[in-house]
Amino acid sequence: MIKTCMLGLGKTGRIIAEKLAAAPEFELVSVICKPGSEKSGSPLKQYLNTDSDLIIADADTIIDEYKRKRFQVAIDFSTPEATLKNAPILAEKGVHLVIGTNGFSGHQLQQLKNLVQHHRIGLVYAPNLSVGINLLLSIVKTIARLIPNYQVEIFETEPQGDTLSHSGAAVRIADDLKIIKEAAKRNRYKFGRKEDISKTVRFTSVPANDGLFHKVRFSGEAEEIEIMHRTNSGTVYAEGALKAAAFIFNLKGFYHMEDVLLLERMDRDFRLAANRLYLNFN
Ligand SMILES: NC(=O)c1ccc[n+]([C@@H]2O[C@H](COP(=O)([O-])OP(=O)(O)OC[C@H]3O[C@@H](n4cnc5c(N)ncnc54)[C@H](OP(=O)(O)O)[C@@H]3O)[C@@H](O)[C@H]2O)c1
């Protein structure tokens, strides 16, 4: 059993902790909350549907908690500030990490990568742990490489509250498409593609009445392809988090969710096949 620690017991952390406590391949030995949180010192079962007898610890006592529990992996769903404080302490002890927290700057992300090098630990950095969204990202890249001339439209759930921003997944899809379309545009004379390759990707918001939703539509002159992902449950992140933890607990290095799901390998195979055909995909 993989001795595991959950860092952060917010909306998502609670769902993951509940799954961990029930999963036969994991032993949830520690749950750590924010310093000074009212949860500190309380039984875990007060917050989750579990029969675990764990007592929630405070992040200020993280070293003592490690010495007592000797967990192998920590799954972090807290805040970037908390991660940047807790991760170096755990990395120094050789604890492998799954980081689901969002919102790191480029510089902060580099700090996490440095921890991997310095302490020779394993770390999965996964801003989106949904298995389905990661599959969608991978499939969309493959389609875009094969038909870069098709128009693309990304549909996503309307942002909640006063934010106008796109979801992390929608931004990632658009960024991947931009790179692929730029490469296709550069290479089109070399490979005899005469089509006009538009780099424009349209975004459309749909009302949030049926969970979180992403759809990518490729439109050609005479056909359309749509790839869609929908979820209405936070357990989707828990499934991804448990897969990532099982993947990383005895591996070293910095990984993404694509690695956990072997999508990176699929991508490499695709490029190798393309190279054999003297095609230069990006
Ligand atoms: N990767 C993904 O697929 C994915 C999916 C959903 C959310 N997220 C990201 O995960 C993060 C958490 O999301 P959420 O929805 O659970 O947010 P949330 O409900 O606000 O929970 C954040 C939790 O972090 C805990 N925390 C704060 N400082 C801490 C510290 N120093 N040490 C330990 N814990 C600390 C908080 O306190 P307590 O522990 O005391 O409650 C809080 O409950 C966000 O960055 C969010 O964007 C990622």
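If you go through region 115-160 and keep only what is of a type in the set (Lys, Arg) and surrounded by fewer than 16 Cβ atoms within 10 Å (Cβ to Cβ), you end up with just Arg120. Could you list, in sequence order, all residues of region 228-254 that are touching a Leu at 6+ places or on another chain (Cβ under 6 Å) and either surrounded by fewer than 19 Cβ atoms within 10 Å (Cβ to Cβ) or farther than 22 Å from Val152 by Cβ (or both)? Thr231, Tyr237, Gly240, Ala241, Phe254, listed by residue number.
Of all residues in region 28-48, those satisfying the criterion of being in a loop (DSSP other than H, G, I, E, B) and of a type in the set (Ser, Thr, Tyr) are Ser37, Ser40, Ser42, Tyr47.
Here is a list of conditions, (1) surrounded by 20 or more Cβ atoms within 10 Å (Cβ to Cβ); (2) more than 7 Å from the ligand (Cβ to nearest atom), and Leu9 meets all of them except one; can you say which number that is? Condition (2) is where Leu9 drops out. Just one of (1) assigned to a loop (DSSP other than H, G, I, E, B); (2) of a type outside the set (Phe, Trp, Tyr); (3) more than 30 Å from Ser198 (Cα to Cα) fails for Asn149. It is (3).
Comparison of Pro43, Pro88, Pro80 shows that the only residue that is without any contact (Cβ under 8 Å) to a residue 60 or more places away in the chain, surrounded by 15 or more Cβ atoms within 10 Å (Cβ to Cβ) and in contact with a Leu (Cβ under 8 Å, 6 or more places away or on another chain) is Pro88. A single member of Lys19, Lys34, Lys45 is within 11 Å of the ligand (Cβ to nearest atom) and charged (D, E, K, R), and it is Lys34. Does Val73 satisfy being modelled with pLDDT of 95 or more and under 28 Å from Asp175 (Cα atoms)? For Val73, the condition - modelled with pLDDT of 95 or more and under 28 Å from Asp175 (Cα atoms) - is not met.
The values are calculated or read from the model by the stated rules, or taken from the named source; none is laboratory data. Quick caveat, the model's predicted, so the values are computed rather than measured. Neighbour counts run over all protein chains shown; Cβ positions are idealised from the backbone, glycine included.
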